[in-house]
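The structure under discussion appears below in the form of structure tokens.
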Amino acid sequence: MSRAARLGAVGAGTAFVAALIVYYIVSFLMVTPPGVAATGSKPRVHLTLQTVASFGHEPHTDWVSYLARSPGGKWVHSTVLHVPSYSTVTVTVYQFDTATGLRNPFWGQPHGTIGGTFNVDGKTLKVLDPDLASHTFAIPDLGVTVPLKGVADDAKNQCSVAPCNLSEAHTTVTFSFKTGKPGKFRWQCFVPCAAGFPLGFGGPMQSIGWMDGYLMVG
Amino acid sequence: MTTIAGERMPRHGIRILTIWLVLTAIAVPLIVLVLGPHLPPSRLTAEAASQRDANIVMTALLVPIALLVVVFFVYSFAFFRQSGDAILDGPPIKGHSGAQLLWIVLTSVTVLALAVWGSYTLVVSAHGAGGGQGPSPIAQPKGHEHALPVQVIGQQWEWTFRFPTYGGLETRDLAIPVHTVVAFHVTSLDVTHSFWAYELGVKADAVAGVDNVAYVNARNTGSFQIRCAELCGLWHGHMAKTGHVLTMQAFRAWIALARKQNAAVAKYLPDYNRVYFPAPLRRAG
Amino acid sequence: MNATAIAARRPLWRRLIGFNMLAGLALGIGGWFLGAWIGGQIAVGHDYLQGTNQNDVGLFMGYLFGVIGWLVGLGFANYPIGRLLGRAPTLRQHETASWTRYFKLCTDHKVVGIQYLFGVGIFFFIGGLNAMLMRTELLRPVEQAWPAGQYLTLMSLHGTMMIMMTSAFILGPFGNYFVPLMIGARRMAFPRIEALTFWLVPAAGLILMSAIAFGGIATGWTGYAPLADEGRAGMDAYVVAFILIGISLTLVGINLMATILTMRAPGMSWTRLPIFVWGVLATSILMALAAPVLVAAMTMVLMDRGANTSFFLASAGGSQYLYENLFWFFGHPEVYILALPGFGIVLEILPVFARKPLWGYRLAVAGMLGVTLLSFMVWQHHLFVSGMNADLRPFYMLTTELISIPTGFIFLNAIGTLWRARIRFTVPMLFALAFFFNFLIGGLSGVFLSDVPSDVTTHGSYFVMAHFHYTIMGGLVFAFFGAVYYWLPKMLGVTLNETLGKIHFWLMFVFFNLTFFPLFAAGFLDMPRRVSTYAPHLQALNDFVSASAFVLGFSMLVFIANMVWSLVFARVPAAENPWASRGLEWQLPTPVPVDNFERIPVITSGPYEYGVAGAPPVADFAPGVVAAAES
């Protein structure tokens, strides 16, 4: 083999292996759920979410998860939510999961919502018994946390596979909060609801697209 | 060894020492007077001030040591280099027991002095220097019996604060009064966090089942940044918020307001405790 | 025609079959699936695994069987089975001079050294790639490029890969290759164990990389429990990889210790032992004593995750302090495992290019042994604010500061050696001198961390991160590159391009400092470690650091280009002793014969007698021959 051919072969081989490794790592890094926009227009928009006890599909059939409804009315497995800045965001959460209870009962009271209240199945509440909470919807950097009441353990017709239908057992939680200047804010759940994981905070509780997400204020 | 080399030897040493002394004489006042006031963390509390003092002393002591080595190296590059391709041997000096002894004595004295001074500030003058001391602190400031206890609860991924002397009130923001000994009782509900109040000079790991105590005494009013300093999972970098040092009057007003705002949840809060073992104990499900 | 030539004429596919890396990979993958299936059978009905959608038992069994398959495929079972069947022991079966021996179990310490050089090098560059991707994310104060979870995995992979790989960064390639040559031995004490220590490294590296496929690692390289307990399935890869590396490090330590203690040539007294060998000896003591503790800690995490124990869960009677103590009892000696070989290398290189004896040889040895001893007594300085018994803090402050005394000896050795020297600024010398500058800053910044009041500010911040990058990257990695430029002519018989080497050095030195020095300031300005988001006012600082880091990364490409150019294209044959060194290894022909020394040499003089009038040659390579001829 000539020198040039040898150099070419080694160079091409090295570049090929390097490209494979880069692809392996970067393709993992690039995975983000699709963004879901709120319906309506500034300054009043609406977000519709649901929670489900077990997603029912690959890659993690057993994991608890949030889903978001796209403006087209389809349920999307995503937690990246786009809302406009300086607006009032009204959130409706259809809650299909049963209660786990809050680790810190303090989150039984809503924070950062308009009026300091939230609405469960048509009733306006100032606090939820922490043991009845199934999840929370919390954007700590905006000061917003709202407990989500769980479905009774003995309810009939419980949802087993996402997306759940409103004909199945659920509670409906609504609340509103105001957004300020544009930015990217994390949101999460405070209930240790990741079944099977020590402390209940592994897996879906630490994965964007499941129980954590970004609120993109734009 | 030739006599010519013997004559040149002291000149190099004196030159290097002179350059070093000049640079040190310039650097040390600059560090103390110009850089010092910018060294972390602040003078907001007595403990933070002790940390800044430690940082100033340390910088002013260590920069001359660094300068000595660097000056010697740069000097040797300039004067002890071999130009051209010839490979010639230098003088075969294998050691000098006097120089070695001097070096050992000087470094040992420096190091022991640092350790003694560090222990003194830690235990006696700075009362733990704002660091977490565990459940039974040994370095306690004067008036610690009447310290205002503030419990810091870390959880994935948010800090909350409880005030046992105000009915176990729990808040999501932190304010402390000025000119008061405050005892932070840091604990965690899940994994290990670390409560870092930067300008207060407080850092204490939040460990489940452990009551980690750190004292501060604020000298001025102002605000401070709170961070998490121990990796605790997905949103570790987001566990940041701003706290405030208020006058006693403003602090009482703040407490009253917080009580009102958090009244609804008060009856659901567990009794104040030094540590919490909330359910689920092990694997959730 | 000999057997080798016949073997070389076989068709390519026939030559690929045998006990080699391909067979290892095939059996490893097969073993993984077998183990995962068995684990699945075991785990049926373990309700604590339900709901997680991850079967830790299956993963652990998969990794276990995969590693066994990998080792069997490489041929590690052949010898013990052959002995059981009554075959005569052979040391060097299937070892040919062909390039394929680099992809097989080979008990020649020189082959293992080169295997280590390239194996560890590849993982070092993957770790570096991760660092580049991290700095890309940190260009903005809030997650832009990669989401938070993936950033944590990136950061953990970078840290874990670098710590795992750099643990054997110098002992692997240069310890294995040169210790026998420098002490006048024909082989290592345990050649098969030596091969095993290397072949565990790629297995650990590949397993660690597989963490990405199982959801990643979110704990950093320290893997603090209970965060590690609740982590996703990628944590299993971290645990197994660290166990394998721990086993490998223990065996490396035992092997090198036995070699140095028992296989020195006649006349190689303790005061003639090259200082690099002293550094290796000190490091191997640390490895053999510290690494088993890591394996213990990791096994406990494995039990917590796979067998429902509660070693580290406070709410079920465990304690995370147990993990922290076990981990740092390994972890602090570990940082000296990273530092001591660097001391050895730079003190080895310095006299050669200063053309003077090593100044204060005994002091250097005392310094290294002092560091070795003290490094087991300082680990709790990682836990000053953890809430453990506060009475102990002055003690650990004292021991930590004491360790700077023996470390200071190394600087005095350098100062004395350079005093009135005739310095030649070759590429290895530049790296060795840069080591002292970087390690000076790294070491002195460590004093801030040893003082409790200062540590309260700096603990867990970017200050710590800058500190240990100055000691590991600025120290160990610079020493590594110095060693590469110094010894590669002997190892591969090829001269590296000096111009490219100098470009590599200056880019790396300048931009290393521009990358990490500002990070001290970031730590002082309240930026915690391991964050993908930070205070907006720190953005300018971070952007500057990222830009510098990219140039630093580019300097590594210059090095790779130099390697490819010099090894593949230019191939300028190296002189047998291009640096005119007195080291025993340089007196051997290039390439070094398979058995190193025709006869075991008799050492007649120390290796650093530069300029000493009438110093005898370093060794007599044909002892007894002349005498026999005369009589």
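Can you tell me which residue among A:Ser85, A:Ser134 is at pLDDT 90 or above and in a strand (DSSP E or B)?
Of A:Ser85, A:Ser134, the one residue that is at pLDDT 90 or above and in a strand (DSSP E or B) is A:Ser134.
Checking B:Leu101 against (1) outside any strand (DSSP E or B); (2) in contact with a helix residue (DSSP H, G or I) (Cβ under 6 Å, 6 or more places away or on another chain); (3) surrounded by fewer than 24 Cβ atoms within 10 Å (Cβ to Cβ), only one condition comes out false. Which one?
(2)
Just checking, how many residues over segment C:307-322 are in contact (Cβ under 8 Å) with a residue 12 or more places away in the chain, at the interface with another protein chain (Cβ under 7 Å from one of its Cβ atoms) and not in a loop (DSSP other than H, G, I, E, B)?
2
Which residues, counting only those in segment B:74-95, are facing chain C (nearest Cβ under 7 Å) and part of a loop (DSSP other than H, G, I, E, B)?
Passing the criteria: B:Phe80, B:Gln82, B:Ile87, B:Leu88, B:Asp89, B:Gly90, B:Pro91, B:Pro92, B:Ile93, B:Lys94, B:Gly95.
Looking at (1) within 14 Å of chain A (Cβ to nearest Cβ); (2) crowded, with 24+ Cβ neighbours inside 10 Å, which is the one condition that is false for C:Ile243?
With respect to (1) within 14 Å of chain A (Cβ to nearest Cβ); (2) crowded, with 24+ Cβ neighbours inside 10 Å, C:Ile243 is out only on (1).
So for segment C:138-150 (the condition being of a type in the set (A, V, I, L, M, F, W, C), in contact (Cβ under 8 Å) with a residue 12 or more places away in the chain and over 24 Å from C:Phe554 (Cα atoms)), does at least one residue qualify?
yes
Is there a residue being in a strand (DSSP E or B), over 31 Å from the mean Cα position of the chain (by Cα) and either more than 14 Å from every other protein chain (Cβ to nearest Cβ) or closer than 30 Å to A:Asp141 by Cα (or both) anywhere in segment C:582-600?
No, every residue in segment C:582-600 fails to be in a strand (DSSP E or B), over 31 Å from the mean Cα position of the chain (by Cα) and either more than 14 Å from every other protein chain (Cβ to nearest Cβ) or closer than 30 Å to A:Asp141 by Cα (or both).
Only residues in segment A:120-134 that are in contact (Cβ under 8 Å) with a residue 40 or more places away in the chain count as the first member; pair them with residues that are among the small types (Gly, Ala, Ser) and outside any loop (DSSP other than H, G, I, E, B), Cβ under 8 angstrom, at least 6 apart or cross-chain, and list the lot.
Taking only residues 6 or more apart or on different chains, the pairs are A:Ala133/A:Gly108.
Of these, C:Phe544, C:Phe621, C:Phe554, C:Phe550, which one is among the aromatic types (Phe, Trp, Tyr) and modelled with pLDDT under 90?
Criteria check complete, one pass: C:Phe621.
From the list A:Pro163, A:Pro204, exactly one residue is more than 14 Å from every other protein chain (Cβ to nearest Cβ) and either under 24 Å from A:Val36 (Cα atoms) or not hydrophobic (A, V, I, L, M, F, W, C) (or both). Which is it?
Being more than 14 Å from every other protein chain (Cβ to nearest Cβ) and either under 24 Å from A:Val36 (Cα atoms) or not hydrophobic (A, V, I, L, M, F, W, C) (or both) holds for just one of A:Pro163, A:Pro204, which is A:Pro163.
Being at pLDDT 90 or above, surrounded by 24 or more Cβ atoms within 10 Å (Cβ to Cβ) and away from chain B (no Cβ under 14 Å): is that true of C:Leu340 here?
yes
What residue, among those in segment A:154-190 that are under 13 Å from the mean Cα position of the chain (by Cα) and assigned to a loop (DSSP other than H, G, I, E, B), is nearest to A:Ala53 (Cα to Cα)?
Here the answer is A:Cys189.
So, C:Met132, is that one assigned to a helix (DSSP H, G or I), within 11 Å of chain A (Cβ to nearest Cβ), touching a helix residue (DSSP H, G or I) at 6+ places or on another chain (Cβ under 8 Å) and over 22 Å from C:Gly331 (Cα atoms) or not?
yes
Is it the case, given these coordinates, that C:Phe178 is farther than 30 Å from C:Leu261 by Cβ, hydrophobic (A, V, I, L, M, F, W, C) and either away from every other protein chain (no Cβ under 14 Å) or in a helix (DSSP H, G or I) (or both)?
It is false that C:Phe178 is farther than 30 Å from C:Leu261 by Cβ, hydrophobic (A, V, I, L, M, F, W, C) and either away from every other protein chain (no Cβ under 14 Å) or in a helix (DSSP H, G or I) (or both).
So how many residues does segment C:160-195 have that are surrounded by fewer than 23 Cβ atoms within 10 Å (Cβ to Cβ) and under 14 Å from the mean Cα position of the chain (by Cα)?
1
Results for (1) facing chain C (nearest Cβ under 8 Å); (2) not in a helix (DSSP H, G or I), shown as yes or no for each residue.
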site: B:Ser108; (1), (2): yes, no
site: B:Val111; (1), (2): yes, no
site: B:Val116; (1), (2): no, no
site: B:Tyr120; (1), (2): no, no
site: B:Ala129; (1), (2): yes, no
site: B:Gly154; (1), (2): no, yes
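Would you mention how many residues in segment B:231-261 are within 14 Å of chain C (Cβ to nearest Cβ), under 24 Å from B:Asp211 (Cα atoms) and surrounded by 15 or more Cβ atoms within 10 Å (Cβ to Cβ)?
So the answer is 11.
From the set of residues in segment C:492-501 that are assigned to a helix (DSSP H, G or I) and under 24 Å from the mean Cα position of the chain (by Cα), which is nearest to the other protein chains (Cβ to nearest Cβ)?
C:Leu492
Select from segment C:139-159 the residues that are hydrophobic (A, V, I, L, M, F, W, C) and buried (at least 23 other Cβ atoms within 10 Å of the Cβ) and write down the one among them that is farthest from B:His238 (Cα to Cα).
C:Leu157
Just checking, how many residues over segment A:104-114 are crowded, with 24+ Cβ neighbours inside 10 Å and assigned to a loop (DSSP other than H, G, I, E, B)?
Count: 2.
Take the conditions in contact with a helix residue (DSSP H, G or I) (Cβ under 7 Å, 6 or more places away or on another chain), closer than 23 Å to C:Leu27 by Cβ, in contact (Cβ under 8 Å) with a residue 24 or more places away in the chain and part of a helix (DSSP H, G or I) and apply them to C:Gly205. Does it pass?
In short, yes.
Those residues that are over 25 Å from C:Phe517 (Cα atoms) and in a helix (DSSP H, G or I), I need them from segment C:407-443; list them, please.
C:Asn413, C:Gly416, C:Thr417, C:Leu418
Can you work out which of the residues in segment B:262-278 that are within 11 Å of chain A (Cβ to nearest Cβ) and in contact (Cβ under 8 Å) with a residue 24 or more places away in the chain is surrounded by the most Cβ atoms within 10 Å (Cβ to Cβ)?
By that ranking, first place goes to B:Val265.
Return only the number of the condition from (1) among the β-branched types (Val, Ile, Thr); (2) under 16 Å from the mean Cα position of the chain (by Cα); (3) within 14 Å of chain B (Cβ to nearest Cβ) that A:Thr100 does not satisfy.
The single condition A:Thr100 does not satisfy is (2).
Considering every residue within segment A:26-36, establish whether at least one is in contact with a Phe, Trp or Tyr (Cβ under 7 Å, 6 or more places away or on another chain), touching a residue at least 60 places away in the same chain (Cβ under 8 Å) and in a strand (DSSP E or B).
No, segment A:26-36 has no match at all.
Can you tell me which residue is farthest from the other protein chains (Cβ to nearest Cβ) among those in segment C:418-450 that are in contact with a Leu (Cβ under 7 Å, 6 or more places away or on another chain) and surrounded by fewer than 24 Cβ atoms within 10 Å (Cβ to Cβ)?
C:Val447
Can you pull out every residue in segment C:505-547 that is assigned to a helix (DSSP H, G or I) and of a type in the set (Phe, Trp, Tyr)?
Passing the criteria: C:Phe505, C:Trp506, C:Phe509, C:Phe511, C:Phe512, C:Phe516, C:Phe517, C:Phe520, C:Phe524, C:Phe544.
The values are calculated or read from the model by the stated rules, or taken from the named source; none is laboratory data. Please read these numbers as outputs of a predicted model, since none were measured by experiment. All Cβ positions, even for glycine, are placed from backbone atoms using ideal geometry, and neighbour counts span all protein chains on display.
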